[in-house]
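Working notes, structure below.
The values are calculated or read from the model by the stated rules, or taken from the named source; none is laboratory data. Fair warning: this is a prediction, and the values are worked out from it, not measured in the lab. So basically every Cβ, Gly included, is an ideal-geometry build from the backbone, and we count neighbours across all protein chains shown. To get the accessible areas, we keep the full protein, side chains included, count just its heavy atoms, and leave off ligands, DNA and RNA. Shrake-Rupley method; radii C 1.70, N 1.55, O 1.52, S 1.80 Å.
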Amino acid sequence: MAFVPAITSRDEVASYINLRNDTEFLARICIGHDDETNAIYSAFVSLCRQSGHTERYEIRFDVIETSACEDEPDNWCNDGLQTKRFLAADHRKTTLNCICTVLQEMVEASEAQELFMMTVTPHLPEKALAKYELICCALRAIGFHAGRDAPYHGTQIWIMKRISDGT
């Protein structure tokens, strides 16, 4: 298997599919393909309004592996262990950078005042949680106070609130 990146630099964000309605923003970014199996890899980012709240959104992100065989379902990878076989360290960093950039654009386009994200897999090691901290850094850069909240049964939670300018 040979992963061929579609994005060659940490600062580059390729064009991406961007869908939105009143309650959610969705983006899918092609990050590469496998030149042997013809599988296609993309990052998926969603920003979904929490039911009953107009300004609170949940952040989710995954890497999707789409097989060239139409009969095979997409493989939604929500854990770094699942992507390890096709994403090397440099490609992981570039993918995370794309996720952060697209998420910043989504948040700026939304009316989000509060955001939250949670781990899918409980009891992850600190190394696996680093990507969530980088997402928090990206949101701090656009005016949010962001940090980890108390875990719940091993699931880690991050809360982000827009910093008010006092007006």
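Of the trypsin sites (Lys or Arg not before Pro) in the stretch 64-97, the ones in a loop by DSSP (not H, G, I, E or B) with at most 15 other beta carbons within 10 Å are K84, R85. For the chain, the solvent-accessible area with a 1.4 angstrom probe is 56 square angstrom per residue. Summing charges over all other residues whose Cβ lies under 12 Å from the Cβ of D22, with Lys and Arg as +1 and Asp and Glu as -1, gives 0. Counting only lysines at least 8 places from K131 when in the same chain, those with an alpha carbon closer than 18 Å to its own are K84, K93.
Between the Cα long axis of helix 126-140 and the first principal axis of the chain there is an angle of about 60°, rounded to the nearest 10.
Choose one answer from A112, A138, A128: the residue with the largest mean-square fluctuation in a GNM of the chain with alpha-carbon springs under 10 Å. Of the options given, A128 has the highest mean-square fluctuation. Ranking D74, D62, D149 by solvent-accessible area of protein heavy atoms (1.4 Å probe, all protein chains present), from largest to smallest, gives D149, D74, D62. Between the Cα long axis of helix 89-109 and the first principal axis of the chain there is an angle of about 40°, rounded to the nearest 10.
Taking loop as defined by DSSP and a crowding limit of 16 other beta carbons within 10 Å, which GluC sites (Glu not before Pro) in the stretch 1-95 fit? Answer in residue order: E12, E36, E55, E70.
In the chain, the calculated helix contribution to ellipticity at 222 nm averages -7500 deg cm²/dmol per residue, counting -39,500 (n - 2.57) for every DSSP H run with n ≥ 4.
For the chain, taking the reciprocal of the average inverse distance between every pair of different Cα atoms yields a Kirkwood hydrodynamic radius of 16.7 Å.
Rolling a 1.4 angstrom probe over the chain with all protein chains present gives an accessible area of which 52% lies on carbon and sulfur atoms. When only the Cβ of Lys, Arg, Asp and Glu is charged (+1, +1, -1, -1), the dipole of the chain relative to its Cα centre reaches about 660 debye.
Here the contact order of the stretch 1-146, divided by its residue count and restricted to Cα pairs under 8 Å and six or more residues apart, works out to 21 percent. Pulled fully out, how much extra length does the chain show between Y152 and S51, if you take 0.36 nm times their separation in residues and subtract their Cα-Cα distance? Gain on stretching Y152 to S51: 34.3 nm.
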